[in-house]
Amino acid sequence: MGFDKQRHADDLQLQALGHKGEMKRNFTPLAMLGLAFAILNSWTALSTSLSLALPSGGSTSVIWGLVTAGICNLCLAASLAEFLSAYPTAGGQYHWVAVIAWKNWVPLLSWITGWINVSGWIALVASAGLLGSQVIVGIISLYDANYVPQRWHQFLIYIGYNIFAFFVNALMNNWLPYVNKVAIAWSILGFIVISITVLSCASPNYASAEFVFQDFINETGWPDGIAWLLGLLQGGLGLTGYDAVAHMIEEIPDAAIEGPKIMIYCVAIGTFTGFVFLMVLLFVSGGDSGSIISSAYGPLTQIILNATRSRTGTVCLLIFPLICLLFAGTSIMTTSSRMTYAFARDGGLPYSRVFARVHPKLGLPLNSLILTTALVTIFGCIFLGSSSAFNAIISASVVALGVSYAIPVAINCLQGRSKLPPRAFTLPTWFAWFANLLGIAYVIVTTVLFVFPPELPVTGSNMNYCIVAFAIIILISTIQWFADGRKNFTGPRTEMGLEILEAVKDQPENPMDDEHGKTALDEEAVQGL
C-alpha cells in the first residue's frame, strides 16, 4: 500500500472511531520507537534512581527487581498491544475501556480511566526533572565539600528541565521526529561509552558476583520481604510509560500494525539494556552498598567516581544521562499533552473545548501543552515540603499508569477476552490469559505497596504523599463528574465503521490520483458516522 493511501486509510480508521485526523502523521516507526525509548530511557532512569532500590533490598532488589518488573511489564505491554491494534486512537486506555465495558458503566469507567491516565502522565513528566536535579546537585557537591543541598535548589533545576521541554515541544513540533531519532542514538551511545569506560577504569578491582547478584540490605525499617517489594519501584519507573505509543498513534502511518510492535519492542529493549547497565554499575561500584547509599553525591555519581577515580571523568560521563533526561522530559511532555488533548476532545476535562484545540500554525494542541506544564510546576511544589517527595512523585506516576494499564485488561478478562474484534496483532490464547492475569496481579501488588512510606518510623516529613496526590485527583474528578461529566460525558465513539475500513481496500493505489473516488469515499465515511 502506497504511503498516501496508507495515510488516508489511517485517517478513515480514525474517523470510524469517531474522530477527525487533525495531527500530522510525520513520525516514522523508527522515530516513534525513538520517542518510546526516550520516554522509558531505562538505563538512565534506573541508574539515576538507584536510591529507590539500594536501601530496600540492596543489589538483589536492583537486579532481580528489574527482572521481575520487566517480565510483568512485558506481559502488560503485550496485553495492551492487542487493544492498540484493534483501536489505534490517541485516547488509549480510556477509549479501550469504553469499547469493552458493560454498556451502563461505560461513561463512568472511561471517565475514571482517563483521569488516572492523564494524572499519571503529568506525574511522569515531573520525574525527568527530579532525576536530573538530583544528578546536578550531586555534581555540585562533588566539587564543593561545603555545599549543603536545599530543596529549592533542586526545585529550580526541575523547573528549568520542564521549561526546556515546553519550548522544544511548542516551537519545534515538526522537528520532534528528528529529535527522537537523535535521542535514541544518544542514549545508545551513552550506554556503550559509560559501560566500556567504567569497566576499563575499574579493572581488575571488580566487586564479587556474590555482591552483584546476592547482596541484601534493608535500611527502611520495614520487614525484609516488604522492603524488597518496595524496591520494585525502581524497576517500575524504568519500564513505565510505554502507552506513549498509543497516545502518539495518530501521528504514525500504518498505525494498527506498527504501533503494537513498537510498544513491545521498547519494553524489551529497556529491560535488556537496563539489566546490563545495572550489572556493570554494581560490578564497578566497589562492593559497599552502605557507602554508596550515604554518599552526598548520590549513588550513580559515587559509583562512577569509585570506578574512574576522577572527578572530571565522572562529570564527563554524567553528561550522557543528563542530556538523556532532557530528551526524556521533552518526549514525556509531548505524550502527556497528546493524552490531555485526546481526553479533552471527548469532553473529559473542565473547559474541554479549550484544551481540545489544535493550534492552526504550530500543528499541536498548544493549550494542552500549557496545561501540562502548569500542572507539572504545581505538582513539583510537593518537593518543597517533603523529604520523601521524590518517592511520592515517582510512586504517583508508576501507580497511576499501572492502574490505567490494568483496567482495560481486567475488564476484558472478566468478559472472557471476547470483546476485541479481529485485528492485526493477536496473542495466542494460552499466552494471552497468562500475560493478562500476571500483569493484573503485578499492578494490584505494586499499587498497594508503592503508596507505603519509604521508611519507618513515619513522620510528617517522610510520609509518602502519593496517597495525598491521588486523593486530590479523585476529589477533583468526582466534583467534575457530578458537575458536568454525569450529564454530558458519554465516552468516546465506540462503533467501528467496518464498512469504511473495507472501502479503503478498494481505493486507487494513490488516492490523490483519483479525487472523485477520494471525495466519494470521504462522504461515505461521514455518513457512516
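The values are calculated or read from the model by the stated rules, or taken from the named source; none is laboratory data. Everything quoted here is computed from the prediction, not taken from an experiment. Positions of Cβ are backbone-derived with ideal geometry, glycine not excepted, and every protein chain shown enters the neighbour counts. Ligands, DNA and RNA are excluded from the accessible area calculation, which covers all protein heavy atoms including side chains. Shrake-Rupley method; radii C 1.70, N 1.55, O 1.52, S 1.80 Å.
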### Query
Does the range 214-227 hold any residues that are open to solvent by less than 60 Å² (accessible area, probe 1.4 Å) and either in contact (Cβ under 8 Å) with a residue 60 or more places away in the chain or within 27 Å of L322 (Cα to Cα) (or both), and which are they?
D215, I217, N218, T220, G221, W222, I226, A227
### Message
Given the criterion modelled with pLDDT under 95 and open to solvent by less than 30 Å² (accessible area, probe 1.4 Å), identify the matching residue among V451, V403, V445, V399.
### Response
V399
### Task
Show the residue pairs that are 6+ apart or on different chains and have beta-carbon atoms under 8 Å apart, the first residue being within the range 178-205 and among the charged types (D, E, K, R), the second being open to solvent by 40 Å² or more (accessible area, probe 1.4 Å) and part of a helix (DSSP H, G or I).
K181/L30
### Task
State which residue is nearest to the chain's Cα centre (by Cα) when the search covers only the range 64-92 and only residues that are of a type outside the set (A, V, I, L, M, F, W, C) and modelled with pLDDT under 90.
G92
### Task
For the range 42-67, name all the residues that are in a helix (DSSP H, G or I) and touching an Asp or Glu at 6+ places or on another chain (Cβ under 6 Å).
G58, S59
### Task
Could you check I159 against (1) surrounded by 15 or more Cβ atoms within 10 Å (Cβ to Cβ); (2) at pLDDT below 90 and say which number it fails?
(2)
### Task
Could you tell me which residue of the range 235-262 is surrounded by the fewest Cβ atoms within 10 Å (Cβ to Cβ), considering only residues that are of a type in the set (D, E) and modelled with pLDDT of 80 or more?
E258
### Task
Filter the range 300-335 down to the residues that are hydroxyl-bearing (S, T, Y) and open to solvent by 10 Å² or more (accessible area, probe 1.4 Å), then identify the one that is nearest to Y143 (Cα to Cα).
T312
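Mind telling me which of the residues L384, L420, L427, L456 ends up being at pLDDT below 85, more than 26 Å from N169 (Cα to Cα) and in a loop (DSSP other than H, G, I, E, B)? Please lay out each step first, then the result.
Values: L384 fails: in a loop (DSSP other than H, G, I, E, B); L420 fails: at pLDDT below 85; L427 fails: at pLDDT below 85.
Criteria check complete, one pass: L456.
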### Extreme residue, least open to solvent (accessible area, probe 1.4 Å), among residues of the range 345-381 that are at pLDDT 80 or above and within 30 Å of E455 (Cα to Cα)
V376
### Task
Tell me which of these I112 doesn't satisfy, since it passes every other one: (1) open to solvent by 10 Å² or more (accessible area, probe 1.4 Å); (2) within 16 Å of L281 (Cα to Cα); (3) among the hydrophobic types (A, V, I, L, M, F, W, C).
(2)
